[in-house]
1. Residue farthest toward the positive end of the dipole of the chain, with Cβ of Lys/Arg at +1 and Asp/Glu at -1: which of Gln48, Phe30, Phe9?
2. When the chain is treated as a GNM, springs tying every alpha-carbon pair under 10 Å, which of Asp59, Asp78, Asp39 comes out with the largest mean-square fluctuation?
3. Would you tally the net charge around Ile56, using a Cβ to Cβ cut-off of less than 14 Å, leaving Ile56 out, and scoring K and R as +1, D and E as -1?
4. If you place +1 on the Cβ of every Lys and Arg, -1 on the Cβ of every Asp and Glu, and leave all else neutral, what size is the dipole of the chain about its Cα centre, to the nearest 20 Debye?
5. Run the helix sum for the chain: -39,500 (n - 2.57) per DSSP H stretch of 4+ residues, divided by residue count, reported at 222 nm to the nearest 500 deg cm²/dmol.
6. Kindly give the semi-axes, whole Å and largest first, of the ellipsoid equivalent to the chain, taking each as the square root of 5 times a Cα gyration tensor eigenvalue.
7. How much accessible area per residue does the stretch 37-80 have, in Å², with a 1.4 Å probe?
8. Under a crude label model (7 Å from the Cα following the beta-carbon direction), how far is Val16 from Ser35 in nanometres?
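The values are calculated or read from the model by the stated rules, or taken from the named source; none is laboratory data. Note that the coordinates shown come from a computational prediction; the quantities given were computed from them, not determined experimentally. Here the Cβ is made from the backbone with ideal geometry for all residues, glycine too, and neighbour counts use every protein chain on show. When the accessible area is computed, the model is the full protein with side chains, heavy atoms only, and any ligands, DNA or RNA have been set aside. Shrake-Rupley method; radii C 1.70, N 1.55, O 1.52, S 1.80 Å.
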Amino acid sequence: MTYLLLLLFLFLVGLVFFLSFKISIDRKNFKSKISALEDFIIQLSIEQKKQNNQLILSDDLKQKIASINQTISQNIYDLNYELIEENYTKRTD
C-alpha cells in the first residue's frame, strides 16, 4: 500500500513537473507568435498612415485641379467672347 502511494505521489510530482515544463514551452511559443503579430500590426499601421497621407494629397490635388479647371474654363470663355465680339465688329464695318 505504501509503495502504491509512493508511486502515485512520484507520478503526480512528475506530472506536475511535466505540465510546468510544457506550460513554459507554450508560453515561449505564444510570446514569439504574439511578437510576430505585433510586428505585422505595426507594419499595417505604417501602411495605413501612408495611404491616409496619399488620400489627403489626392484630395488636395483634386481641389487644385478643380480650381485650375475653373480658371481655364473662364479664360476660354473670355477668349471666345472676345473672338465673337471681334468677328461681329468686323461684319458690321
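1. Checking the options against the dipole of the chain, the answer is Phe9.
2. Asp78
3. Residues near Ile56 contribute +2 overall.
4. 1060
5. Counting only the DSSP helices, I get -37500 deg cm²/dmol.
6. Semi-axes from the Cα gyration tensor: 88, 8, 5 Å.
7. With the other protein chains kept in place, the stretch 37-80 gives 95 Å² per residue.
8. The two pseudo-label positions are separated by 3.1 nm.
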